[in-house]
Structures are given as structure tokens and as C-alpha cells.
1. Check Q66 against each of (1) over 19 Å from the mean Cα position of the chain (by Cα); (2) farther than 17 Å from A290 by Cβ and name the one condition it does not meet.
2. Checking the conditions here, which among V200, V217, V168, V154 is under 19 Å from the mean Cα position of the chain (by Cα), crowded, with 16+ Cβ neighbours inside 10 Å and within 13 Å of ligand 2 (Cβ to nearest atom)?
3. What pairs come out if I take residues in region 194-207 that are over 18 Å from F174 (Cα atoms) and pair them with residues that are among the polar types (S, T, N, Q) and at pLDDT 95 or above whose C-beta lies under 8 Å away, six or more apart or interchain?
4. I'm told Q134 meets every condition in (1) polar (S, T, N, Q); (2) closer than 27 Å to D99 by Cα; (3) away from ligand 2 (no atom under 15 Å from the Cβ) except one. Can you identify the failing condition by its number?
Amino acid sequence: MSVQHFLSLMDLSPATLDSILERAVELKEMRQSGTDWGLLAGKTLAMVFDKSSTRTRVSFEAGMAQLGGSALFLSPDATQQARGEPAEDAARVLSSMVDAIMVRTYAHETLESYAQASSVPVINGLTDRLHPCQLLADLLTWRELRGGIQGTQVAFVGDGNNMCRSYVNAARQFDFSLRIATPADYTPGEEWLNCAPDQVQWHEDPGVAVADAQLVVTDVWASMGQEDEHSDRCQVFEPYQVNAELMARATPDALFMHCLPAHRGEEVTAEVIDGPQSVVWQEAENRLHAQKALLEFLLT
Ligand code: CP
Ligand code: NVA
């Protein structure tokens, strides 16, 4: 039987994604009552990080510990990767020793190489293309605060990056309406804008995208690996800042999400991210609960 990986939200059916979110709610309650321990006793997760992380590392590592398992943090300079060991070789060896492998890397193709060679589930901890674990947390947060997301009007404002593409996949899987606002040269790509015409629309004008939105989402303007473009991007993206004026175009009870880390004064103002519509702290905590449900699904 082929191994179930989680490289993209599209790897699982909508019903399976929904059951993972439902289980995440249960695991969150169990964590609060201290009854989640032991569900993954004896299981080990290898975590390969080619890029920095706070939330992803801590949520996977703490999540495995809370479930009675353990996690190994592997950085390129501490492994043979920096000396050129191919991803396929590393995946083959790691998967003979651990129960799952989480990978955060640059090219999505590197992640796919891990998955092809691994005999255990491979989880996407972020690539330049996608960040599906973050979407599990965002969807869980929406579910807790608002219920079902089907039919909701969502606006993603900023760069057509890994988060934006993950929202496209989420719109397809959960059947919500996604309006994307990016500068014309920074869309997620034609294939992403055209893959789900019933769910996904692109607008150059952020005001049009945010009009009557029930959820407004943004992310950094320069992602990891794009540090050299930071100042140029700040100029191009300036009209795409999520500020009080833009939020005023959304519905009065609209929520604001950001995967973090955030740059106050760039993609979002302090007034918005630290304001009453922002749910970013709940969203960040939910990485833990959503990924524990994902790990339980993939490992048992
Ligand atoms: N949102 C997110 O993935 O955060 P980290 O980069 O800190 O893991
Ligand atoms: N788009 C950002 C997300 C960070 C969690 C990046 O890739 O750096």
C-alpha cells in the first residue's frame, strides 16, 4: 500500500480534512484536561529544517511530546545534508528509523523527493509553494469562532506566495469564495488563479478583494529566501497593507488572520494585528492542536 503523505491540502479528501479538524478540537480539550498523553507513545518524528521556524518547530516538537512520542530537530549544518547528501538518500535512511518526516525547505520538488523515497509519511512544514499545516490551523480557528467555512467570503491580500496558494487549495477543498489581491507581477501564477473559477478570483485592487469579506488574511511581503528583495517589495506592496481603512471595507465582524511572523507597519498595521478583529494568537496556538490531529491520523 502506498504511504499517505501530507504535502498539500489536496492530498486528503475534504471529509478527511474535516475529520482531522474535528479531532483537533477534541485534542485541544484533552490537552486542557491532561488526557492526550500516550496516543503516539513510542513514535518518532524527524523534522528537517532548511529554513528558520518558531511555530512549526515548537508545535511539532511539543505536539509529539504531549502525545508521548518524540521529535528530532535536524538542521542542514548538523546533518550530512550540508555536505551534499541527496534528499532521496536521507529520506530512505530516516524513514527506516522514524515513523514520520516533517520537511521545511525551499523547492517543493525537494519535498517531493523526500516523499518518493520515504517509507513513512512525509509532512510539508512549508515550501516555497505551499504551507498546508498553517491552513489546518487557520481552518480550525475559523471553525472554533464561526463554524463551517463553506460559502464564506475570504480575502487574501499581499503576495501570491505559499500562504496564498494554500488558501487556493483550501477554497477548493472547503468550497469557500476566495478573492486574492496582489500586484499584477506577484500573483500566485495563472494555474493557481484559474484552477477553481467558481471559488477563486484575482483582483489588483485590494479594496475590491476585501469588500464584504468575512475573513481577511495577509502574510509577509518577502518570504524566507527573498530577503534581498525586501526593500523593493516594500515599495510595490505598499498599497496592499492591511490597515484599519482596508478592514473597514470588510464585514463589521470580519476576522483577521496572519500566519506570523508579522512585520507591523509593512503588510499589516499594529492597529489591525493587535486589534479586536485579529485572531492571530489563537491561530498560532492552533498549529499545535491541528498538527497533533494530523500526526495521529498519519501515524495510527
Ligand atoms: N507560521 C509559521 O509557519 O511560523 P514559523 O515560521 O515560525 O514556523
Ligand atoms: N510566506 C512566509 C510564511 C512564513 C511562515 C515564508 O515563506 O517565509
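1. In the conditions (1) over 19 Å from the mean Cα position of the chain (by Cα); (2) farther than 17 Å from A290 by Cβ, Q66 misses (2) alone.
2. Details: V200 fails: within 13 Å of ligand 2 (Cβ to nearest atom); V168 fails: within 13 Å of ligand 2 (Cβ to nearest atom); V154 fails: within 13 Å of ligand 2 (Cβ to nearest atom).
After ruling out the rest, the residue left standing is V217.
3. W202/T182; W202/T187; E204/T182
4. Only one criterion is unmet by Q134, namely (3).
For every residue, the table says whether it meets (1) more than 16 Å from ligand 1 (Cβ to nearest atom); (2) over 18 Å from N169 (Cβ atoms).
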position	(1), (2)
S19	yes, no
R31	yes, yes
T44	yes, yes
F49	no, yes
S59	no, yes
A82	yes, yes
Y106	no, yes
S113	yes, yes
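The values are calculated or read from the model by the stated rules, or taken from the named source; none is laboratory data. Being a predicted model, the structure only gives us computed values, none of them experimental. Heads up, the Cβs are rebuilt from the backbone with ideal geometry, glycines too, and the neighbour counts pull from every protein chain shown.
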